[in-house]
Number of protein chains: 2
Amino acid sequence: MALLADTVAKISGQDEEWRAKAKARLDQLALPHWSLGRLMDLALDLAGMTRSMEPAVDRRVVVTMAGDHGVVAEGVSRFPQDVTPQMVHNFVNGGAGINALARQAGAKVVVVDMGVAADLGELAASGRIIDRKVAPGTANIAAGPAMGREEAVAAIEAGIDVALGLVDEVDIFGTGDMGIGNTTPSTAIVACLCGCGVAEVTGRGTGLDDGQLAHKIKVIETALDLNRPDPADPVDVLAKVGGFEIGGLAGLVLGCAAARKPVLVDGFISTAGAMIARAIAPAAADFIIAAHRSVEPGHRRMHEYLGKDPLLDLNLRLGEGTGAAVAMNLVVAARAVLTDIATFEEAMVSGADK
Amino acid sequence: MALLADTVAKISGQDEEWRAKAKARLDQLALPHWSLGRLMDLALDLAGMTRSMEPAVDRRVVVTMAGDHGVVAEGVSRFPQDVTPQMVHNFVNGGAGINALARQAGAKVVVVDMGVAADLGELAASGRIIDRKVAPGTANIAAGPAMGREEAVAAIEAGIDVALGLVDEVDIFGTGDMGIGNTTPSTAIVACLCGCGVAEVTGRGTGLDDGQLAHKIKVIETALDLNRPDPADPVDVLAKVGGFEIGGLAGLVLGCAAARKPVLVDGFISTAGAMIARAIAPAAADFIIAAHRSVEPGHRRMHEYLGKDPLLDLNLRLGEGTGAAVAMNLVVAARAVLTDIATFEEAMVSGADK
């Protein structure tokens, strides 16, 4: 608990002084005022996060956290649970979507086993993944809590630890997830923290049909009714209806915020983790960049909760960190707007009428 | 006229056979079906355009075309006309928004003088810009046609020529524009070709206030009433209410389409050029990728006309090719989705239930 409390104590929001410095420069660029729109908003954020007029963006990492979910016993996913460890192998072999898109964005992929229900010891021993397995999969949330409160704290602290282990060699982080069934706990989290109806925020995940979707809604309603997570206590929400990789992602966001590093939050599962982080430490949201709006209907409610407007809307619903990787290009572009464009004076260009 | 007719004759749409080949591979990737959404749609387009399962994307160029507009005499812009040549110098010196964002995207910037009302001979002589000046600025469309029909054809053919001069060394093109006052002719073009009311599609350009906006609407209405461009004759529309850089951009799109090269169309002015291209050769639209939706209200109508859903929506309104440059990252990402992700079989991952 010491690590979590210490980390939360270190988090303060964006630095208004550095935002103002950045704004003063952007206001003078030789272009119609604020005509690079959201890239300029993002440039302010980068300056406010990093306390720099030349925010570092060269060293990029997507951290993809994997975990399994007991609730798959209820038939909430079209894929078998074996796919979680199979995909971890695929990540390590470089053949997954996140590998392709991280390469394009100039980012490394770091894979963390937060709670896969399979033995990944060989990959961990060879240093190809980071082993922070809390337990081999959560319990079935439709029959009881996902995990104990101590495990929830352990998952968050493991995520903090992963972040702190990387911060000295990484400028911008992306988050990613892998875990068959993990839209189900993520949906339970958004329904609980936003106080909205389950049906409103439940989506088709990897491709449920109408009957399967109705069943998934029932399973999530059962999980919430049975476990009664306390929306005022984010660790309780994670323990009752969350997942190990979701806790790890919450910790990753807290660790990034404590180290004042921008963190691009990917899709529905990553954003569930970011909600937990924000519920624990509201100022952590100042270091979050919402990468994209996914197809999952609840994702919009998550972004409202975080006060974020995502950068991309490309009908993505893969997870793994793929949307974060694509959006990294825009973060690098935003940095270029801050540092690489001449002012009216520098460029000897006439300004607008006053 | 021979070049225009010959180019149009060479344009055919995307190749359905190559789209089907690409779809067959994308359907097998080790991820939930089509879960990379629009990146997958774009990968199909790239295969259909280039007739390749490994569409080339490494050699990238943004072509930024500059021209001046007699209609600035009516007070439709907050910036003086001098800014057009000043910005051309800024492009050449590498200090503009397009330079910063093209560098980030790994693209070169090629600047073309299509009709700047200033002597840029020194830049042309030193090879730092391409001189295709049709005339030093258009005439005032609120008092008569922008240009003669021969000049309109010359502008389009110059754009084709620029494209054909580059196609052997460029894999993907972006379009860009510079020209004080050029949202005014672009708005006239969309109003004419879409048959919609001027007020509905007129925006604030570089930052007009309410009174200036009302005046701009009146100026455009006057230009359309006076010149009566024929919406069934795109060369007439360009001649009556267009601009030299808009004609050049139309030609650039036609040249790219004839050479089967993807062309990322930037903002409001570039898309006006793309509309002219599509009106001349409907199949040219198959090679257009709409980069972004700008703040200009008429841009949405332009995209409807082209049948395109833009990739980005970042409140950009600069032009220069900046949105095209940012979106190039997504085109490269889409290529990576097609070529760099393993199939279920290759990755030894279990599929979904049937």
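The values are calculated or read from the model by the stated rules, or taken from the named source; none is laboratory data. As the structure is a prediction and not an experimental result, all values here were calculated from the model. Ideal geometry is used to build each Cβ from the backbone, glycine not excepted, and the neighbour counts take in all protein chains shown.
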Consider residue A:298 carefully, then state whether it is out of contact with any Cys (no Cβ under 6 Å at 6 or more places or on another chain), of a type in the set (Gly, Ala, Ser), away from chain B (no Cβ under 12 Å) and closer than 13 Å to residue A:186 by Cβ.
-> yes
Could you tell me whether any residue of segment A:110-130 is under 30 Å from residue B:106 (Cβ atoms) and crowded, with 17+ Cβ neighbours inside 10 Å?
-> yes
Exactly one of A:333, A:327, A:347 is surrounded by fewer than 23 Cβ atoms within 10 Å (Cβ to Cβ) and within 10 Å of chain B (Cβ to nearest Cβ), and that residue is A:347
Positions within segment B:108-167 being among the acidic types (Asp, Glu) and assigned to a helix (DSSP H, G or I), in sequence order | B:122, B:150, B:151, B:157, B:161
Please verify whether segment B:189-199 includes one or more residues that are closer than 21 Å to residue B:177 by Cβ, in the same structural domain as residue B:316 (by TED's automatic domain parsing) and under 15 Å from the mean Cα position of the chain (by Cα).
-> yes
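Could you grab me the full set of residues in segment B:168-185 that are of a type in the set (Ser, Thr, Tyr) and either touching a Cys at 6+ places or on another chain (Cβ under 6 Å) or part of a helix (DSSP H, G or I) (or both)?
Answer for segment B:168-185, where residues must be of a type in the set (Ser, Thr, Tyr) and either touching a Cys at 6+ places or on another chain (Cβ under 6 Å) or part of a helix (DSSP H, G or I) (or both): B:183, B:184.
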Residue check: is residue A:253 without any contact (Cβ under 8 Å) to a residue 40 or more places away in the chain and away from chain B (no Cβ under 14 Å)?
-> no
Do you know which of the residues in segment A:1-38 that are among the basic types (Lys, Arg) and touching a residue at least 24 places away in the same chain (Cβ under 8 Å) is farthest from residue B:292 (Cα to Cα)?
-> A:10
Looking only at segment A:131-143, and only at residues there that are in contact with a Leu (Cβ under 8 Å, 6 or more places away or on another chain) and within 22 Å of residue A:163 (Cα to Cα), the one that is surrounded by the most Cβ atoms within 10 Å (Cβ to Cβ) = A:133
Take residue A:211 and decide whether it is in the same structural domain as residue A:319 (by TED's automatic domain parsing), under 25 Å from residue A:7 (Cα atoms), among the small types (Gly, Ala, Ser) and assigned to a helix (DSSP H, G or I).
-> no
So which residues in segment A:152-211 are touching a Gly at 6+ places or on another chain (Cβ under 9 Å) and within 14 Å of another protein chain (Cβ to nearest Cβ), if there are any at all?
-> A:174, A:176, A:177, A:178, A:179, A:181, A:182, A:183, A:203, A:205
Filter segment A:155-193 for residues that are out of contact with any Lys or Arg (no Cβ under 7 Å at 6 or more places or on another chain) and of a type in the set (Ser, Thr, Tyr); the one that is farthest from residue A:327 (Cα to Cα) is A:187
Quick check, is residue A:67 in contact with a Leu (Cβ under 7 Å, 6 or more places away or on another chain), modelled with pLDDT of 95 or more and under 23 Å from residue A:204 (Cβ atoms)?
-> no
Of residues in segment A:45-59 being acidic (Asp, Glu) and under 20 Å from the mean Cα position of the chain (by Cα), the one surrounded by the fewest Cβ atoms within 10 Å (Cβ to Cβ) = A:58
Could you list all residues from segment B:55-67 that are over 22 Å from residue A:29 (Cα atoms) and within 14 Å of chain A (Cβ to nearest Cβ)?
-> B:55, B:57, B:58, B:60
Tell me, which residue of segment A:10-44 that is within 21 Å of the chain's Cα centre (by Cα) and more than 14 Å from chain B (Cβ to nearest Cβ) is surrounded by the most Cβ atoms within 10 Å (Cβ to Cβ)?
-> A:11
Which one of these does residue A:315 not meet: (1) surrounded by fewer than 19 Cβ atoms within 10 Å (Cβ to Cβ); (2) more than 8 Å from chain B (Cβ to nearest Cβ); (3) farther than 30 Å from residue B:205 by Cβ?
-> (2)
Within segment B:78-102, which residues are facing another protein chain (nearest Cβ under 9 Å) and touching a strand residue (DSSP E or B) at 6+ places or on another chain (Cβ under 8 Å)?
-> B:87, B:97, B:99
Given the conditions (1) touching a helix residue (DSSP H, G or I) at 6+ places or on another chain (Cβ under 6 Å); (2) among the small types (Gly, Ala, Ser); (3) within 24 Å of residue A:240 (Cα to Cα); (4) within 10 Å of another protein chain (Cβ to nearest Cβ), and given that residue A:75 satisfies all but one, which numbered condition is not satisfied?
-> (1)
Looking at residue B:293, is it touching a strand residue (DSSP E or B) at 6+ places or on another chain (Cβ under 8 Å), within 14 Å of chain A (Cβ to nearest Cβ), of a type in the set (D, E, K, R) and buried (at least 22 other Cβ atoms within 10 Å of the Cβ)?
-> yes
Hey, could you check segment A:267-302 for residues that are β-branched (Val, Ile, Thr) and at pLDDT 95 or above and say which is farthest from residue A:204 (Cα to Cα)?
-> A:280
Have a look at A:66, A:100 and point out the one that is closer than 17 Å to residue B:337 by Cβ and either in contact with a Ser or Thr (Cβ under 9 Å, 6 or more places away or on another chain) or crowded, with 22+ Cβ neighbours inside 10 Å (or both).
-> A:100
Taking residue A:52, is it among the polar types (S, T, N, Q), more than 14 Å from chain B (Cβ to nearest Cβ) and either in contact with a helix residue (DSSP H, G or I) (Cβ under 9 Å, 6 or more places away or on another chain) or closer than 18 Å to residue A:267 by Cβ (or both)?
-> yes
Have a look at A:280, A:276 and point out the one that is out of contact with any Asp or Glu (no Cβ under 9 Å at 6 or more places or on another chain), farther than 23 Å from residue B:103 by Cβ and surrounded by fewer than 24 Cβ atoms within 10 Å (Cβ to Cβ).
-> A:280
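Table: residues versus (1) touching a residue at least 60 places away in the same chain (Cβ under 8 Å); (2) among the hydroxyl-bearing types (Ser, Thr, Tyr); (3) under 13 Å from residue A:175 (Cβ atoms); (4) assigned by TED's automatic domain parsing to the domain that holds residue A:11.
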{"site": "A:288", "(1), (2), (3), (4)": "no, no, yes, no"}
{"site": "A:293", "(1), (2), (3), (4)": "no, no, no, no"}
{"site": "A:303", "(1), (2), (3), (4)": "no, no, no, no"}
{"site": "A:311", "(1), (2), (3), (4)": "yes, no, no, no"}
Within segment B:253-273, track down each residue that is buried (at least 24 other Cβ atoms within 10 Å of the Cβ) and farther than 15 Å from residue B:9 by Cα.
-> B:262, B:263, B:264, B:265, B:266, B:267, B:268, B:269, B:270, B:271, B:272, B:273
